[in-house]
Amino acid sequence: MLKIPKIPQQLIPLAILFALLIGALVLARQLLVPDTFGDLGHYRAQVVNEIGSQQLAYAGFEACVDCHTDVYQLKQQSRHKGVACEVCHGPAASHVNAPDEFKPNIPKGRGFCPLCHGYNPSRPSGFPQIIPEQHNPGRACMSCHNPHYPLLPHTPEECSACHRDIANVKVVSPHAALPCTRCHTVPEQHRINPKFVRAEKPSSRELCGQCHAQGAESSPEIPRIDLETHGGRYLCWDCHYPHYPEAHK
Amino acid sequence: MNKEPKIPRREFLENCSRKVPAWFLIMATFGAEEILAQEESKYDPGQHNYAMGIDIHKCIGCGRCADACKKENQVPTEPVFFRTWVERYVIPTEGETQVDSPNGGIDGFPELKSGTEVLRTFFVPKLCNHCANPPCVQVCPVGATFVSEDGVVLVDETYCVGCRYCIQACPYGARYLHPTKKVADKCTFCYHRITKGLLPACVEVCPTQARIFGEVGKPSSPLRRFLRFNDVTVLKPWLNTEPKVYYAGADGEVK
Amino acid sequence: MLNVLTQLPGITGYIYPNEYELHWGLLIVVYPYLTGLVAGAFILASLERVFKVKVLQPIYRLSLLTALSFLIVAPLPLLAHLGHPGRSYEIFLTPNTKSAMAMFGFVYAWYLMVVLLLEVWFDYRKDIVFWSKEKKGIKKFLYKILTLGATDTSEKATLFDNQIGKVITIIGIPSAFLLHGYVGFIFGSVKANPWWSSVLMPIVFLFSAIVSGVAMVLLIYMITSLVRWKQMNMACVNKLAELLLYAMIVDFSLELLDFIQRLYESEESITILSQMISNRLFISLIITQIILGSLVPMLSIAMARFGKLADEMRRMLYFLAVILVQVGIFSTRWNVVIGGQLFSKSLRGLTVYKMELTGLEGLLTAALLLILPFIILFILSRILPPWSEEKPAVSIP
């Protein structure tokens, strides 16, 4: 006969309590854990559908074309073809659903366009920008520019219309009096279609040498160097920033 | 030995030629075509793996993306809660790089102090990177935040207890505690839009197409071209979070 | 340097917009402080029980009750901090096994029930049975319930109590390490935060816990002796002070090591962290944690313990030292929790902690949570007196 050791009396109520606790935990698991929890991973699978059924505020790039075909097609031939209607007119899903009840906003005045086109030197060079305080103050942007086909009223004469950040640097430099075209070959088409017809940058020392070489026919105040030996293998602009040539630093 | 078929062959073939076309006719009548088409167009998350590309050279810092996001997702408008925001970097010729993001860039950026000699300056849009190895999902004690089957990191707002561990664990500052719901909140890649074939609100309104939305591993996605032609980087790669927002042209100073 | 007009108050440099709000505030400073005291007090009890440091006998039961009091209060700051405390049961039902925080529910439950409550019950059981017979009225009823029906006080039963108590204490030591160490791991494993992310974090947490626990038990022993007009057992007091000193030396060395290593490695975050220490954490780190919380107490205790001083002088120095230690350890928790959120993860800016006075996360709530354990200890010491002079019968050693 196996002698079963007597269980100490203390352990019995403890064992009962622990059993009750474990039981409560198991019961809670059954009752309280949401049904779809764990189906797809350690989360409530149903929430994916819940999040997916959130209300739309923006209708989308192509949403306007069915009713506003003319304007849309006009815009798609212009420089604003990448600008969705809702960038300027705001969220329009409610307008698509009930066109007469909800009307999208039409930004008039001068407050909205400078959000993109107001001069900011951190924007990429070449992006068309104006200084709002100086550019036809008081007049609404739409009075000269059609937002759906934003042609400039006339081809810009100055490069600073799009390259103001460079112009601002050059205008306080020793090269201030030089026009951009002195060094850059700018085809006429570049002013009209800048992304497709590019201006050119110079590629040889001789250009700078026209003023800066020893025997050049230019004003005596212009600093001179020996064009062949000065700077060894480097081209001029490898060391001297042409828009602000800090020759002595 | 050839066994005699139960139904004579000729009879069987005659039945087929009569019954099959009839079956098709019946199906078409009862709109089976539509039913079949519906089966095909039902969204299958397992077929997608969403990611985003951002081209720094194209961003003009207009802030329309941050603005649209707040409108699309009812993000609280106080200037401290953002699902996406735009940062401006100004790297001077001497001294520390200056970064700012006033109200996320929604109202534009103030002028630089005069006399600042700038070496480089640009804008960087930021958002949740929907990491493939997300530290925020790892630390959630209850399973309220998770990676969906289509690669989007989401939060279950009915299950989140608001312990804020995920907000601490995110290296990119993408998460915040919703001030009234008291749960963690963040960019969802506009999950409710992308699962219907639309684009996230921020991508919709970007006027220069600096944001490209697409899928990893899908050759026909616009993101594939972006990844092919750009030298892309991700934020804080040494943390091994495997972010899925790829930056083209991001300067080394971008953190 | 940038002329940024919309700079929010208190911010220097650049922080990610979402970092404006500090997420883990005063309540999350209080929590590791409380669990640290639990771990420290329990380690003291285990020194007497398992490692047979007999001179600590007078504070054995006191340490257990102290640990229990602080453990009962420990989850309260967490519950108050949660956005949805009503959903906190989810941590028991669907814990994410990859999350260190998910461990909390089980480690806490384990430590409370299997370790601390059982140990207290087994240690007091014989006395509870005695009191359930001796006392009258409502107290008799209370003690009867506490016996749980296990009224056997034979020699065999008492021996069993003793043995199992020892086993529980042995299990309790790593459990205590786990209870507080996992909090250190919660912080130490956050790779996104260079102030927290460190292998040393759980170790430092643990040693500072031991420091605070020993100091707290010494403080409580001194105060209760004074209040009860009883003579303090100087051998015990001296031993406690000695242990405190050794623990402080280890703790200080670990933190010094962390500091030196960081400076030497000079990794990317060193610039902003140095700025944070000098601009935001100067008082809480240099003044209250290091000087007042570590150096002054260590010197005082060393002087008092090993110098030739009168007992009254010793007691005075110990008393001041342990109060400073509490301030120091609280500052340590503050510097870890709040400090980790005062700098931006962009490593380019600093922000401020805007502490509220009232409200669930306010100063008053924190003060209440810090006082509550002492109230509970008072109640417990009435029901289960820990004083050795009042032990009704001599139990088997």
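Our analysis of the stretch A:121-162 gives Rg over Rh at 0.95, with the two radii drawn from alpha carbon positions and Rh computed by the Kirkwood formula.
Heavy atoms of chains C and B lose about 4300 Å² of accessible surface on contact, summed over both sides with a 1.4 Å probe.
Please report the carbon-and-sulfur percent of the accessible area for the stretch C:252-364; probe 1.4 Å, protein heavy atoms only, DNA, RNA and ligands left out. Taking all protein chains in place, the stretch C:252-364 shows 71 percent carbon and sulfur surface. Model label sites at B:GLN209 and A:ASN146, defined 7 Å from Cα along the beta-carbon direction, differ in position by 2.3 nm.
A full extension of the chain between C:LEU159 and C:ILE270 corresponds to an added length of 34.2 nm, given 0.36 nm per residue minus the alpha carbon distance. Along the Cα-to-C-beta direction of C:LEU295, a point sits 7 Å from the Cα; which residues of the stretch C:263-277 have their amide N less than 13 Å from that point? Within reach of a label on C:LEU295, which here means backbone N under 13 Å from a point 7 Å along Cα→Cβ, the stretch C:263-277 contributes nothing. Can you pull out the buried accessible area for chains B and A, both sides counted, probe 1.4 Å, rounded to the nearest 100 Å²? Accessible area lost upon association: around 3100 Å². Per residue, chain C exposes 43 Å² of accessible surface when a 1.4 Å probe is rolled over the protein heavy atoms with every protein chain present. Surface calculation, 1.4 Å probe, protein heavy atoms: C:TYR143 sits at approximately 10 Å² accessible. Only Cα pairs under 8 Å and 6+ residues apart enter the sum, and on that basis the relative contact order of the stretch B:143-202 stands at 25 percent.
Positive end of the dipole of the stretch A:154-249 (Cβ unit charges, origin at the Cα centre): among A:ILE225, A:PRO187, A:GLN210, the Cα lying farthest that way belongs to A:PRO187.
If N is the number of residues in chain C, what value comes out of its Cα radius of gyration divided by 2.2 N^0.38 Å? That ratio works out to 1.06.
For the stretch C:151-271, the square roots of the Cα gyration tensor eigenvalues, ordered a ≥ b ≥ c, give a/c of at least 1.5 with a/b no greater than b/c, which places it in the oblate category.
With a 1.4 Å probe rolled over the protein heavy atoms of all chains, the accessible area of C:LEU285, C:LEU64 falls in the order C:LEU285, C:LEU64, largest first.
Solvent-accessible surface of the stretch A:154-249, taken per residue with a 1.4 Å probe and all protein chains present: 74 Å².
Report the calculated FRET efficiency for A:SER219 and A:VAL197 (r = Cβ-Cβ distance, R0 = 41 Å), to the nearest 0.05. For R0 = 41 Å, the calculated efficiency reads 0.75. FRET efficiency for the pair C:LYS140 and A:ILE12, taken as 1/(1 + (r/R0)^6) with r the Cβ-Cβ distance and R0 = 22 Å, rounds to 0.50. Its residue count N sets the reference 2.2 N^0.38 Å, and the alpha-carbon radius of gyration of the stretch A:67-152 equals 1.21 times that reference.
Note on the stretch A:154-249: Rg/Rh from Cα positions, Kirkwood definition for Rh, rounded to two decimals, is 1.00.
In a fully extended conformation the segment linking C:LEU226 and C:LYS54 would gain 59.7 nm over its present Cα-Cα distance, using 0.36 nm per residue. Normalised by residue number, the volume inside the convex hull of the Cα atoms of chain A is 392 Å³ per residue. Assuming charge only on the beta carbon of Lys and Arg (+1) and of Asp and Glu (-1), the dipole of the stretch B:95-246 about its Cα centre is about 260 debye to the nearest 20. Between B:ARG228 and A:GLN54, the FRET efficiency from the beta-carbon distance, with R0 = 41 Å, is close to 0.80. Model label sites at B:GLU96 and A:ASP100, defined 7 Å from Cα along the beta-carbon direction, differ in position by 6.1 nm. Enter the mean projected area of the convex hull around the alpha-carbon atoms of the stretch B:87-197, in nm², rounded to one decimal. Dividing the Cα hull surface by four gives the mean projection, 9.5 nm².
Buried surface for the A/C pair, taken as the accessible area of each chain alone minus that of the pair with a 1.4 Å probe, is close to 1500 Å² in total.
Going by the alpha-carbon gyration tensor, a ≥ b ≥ c the square roots of its eigenvalues, is the protein assembly as shown rounded (a/c under 1.5) or, if a/c is not under 1.5, prolate (a/b greater than b/c) versus oblate? Because a/c hits 1.5 or more and a/b fails to exceed b/c, the protein assembly as shown counts as oblate. Peptide B:192-205 has a mean of 5 when you count, residue by residue, the C-beta atoms of other protein chains within 10 Å of its C-beta.
The distance between label points at A:ARG79 and C:SER253 comes to 7.2 nm (points 7 Å beyond Cα on the Cα→Cβ vector). Placing unit charges on each Cβ (+1 for Lys and Arg, -1 for Asp and Glu) gives the stretch A:67-152 a dipole about its Cα centre, and among A:VAL83, A:ILE130, A:CYS116 the Cα reaching farthest toward its positive end belongs to A:ILE130. Per-residue ellipticity at 222 nm computed for chain C from its helices equals -21000 deg cm²/dmol, with DSSP H segments shorter than 4 residues left out and the rest contributing -39,500 (n - 2.57).
The values are calculated or read from the model by the stated rules, or taken from the named source; none is laboratory data. Since the model is a prediction, treat every value here as computed from it, not as a measurement. For neighbour counting, all protein chains shown are included, and Cβ atoms are generated from backbone atoms with ideal geometry for every residue, glycine included. Just so you know, the surface numbers come from the protein's heavy atoms only, side chains and all, with ligands and any DNA or RNA stripped out. Shrake-Rupley method; radii C 1.70, N 1.55, O 1.52, S 1.80 Å.
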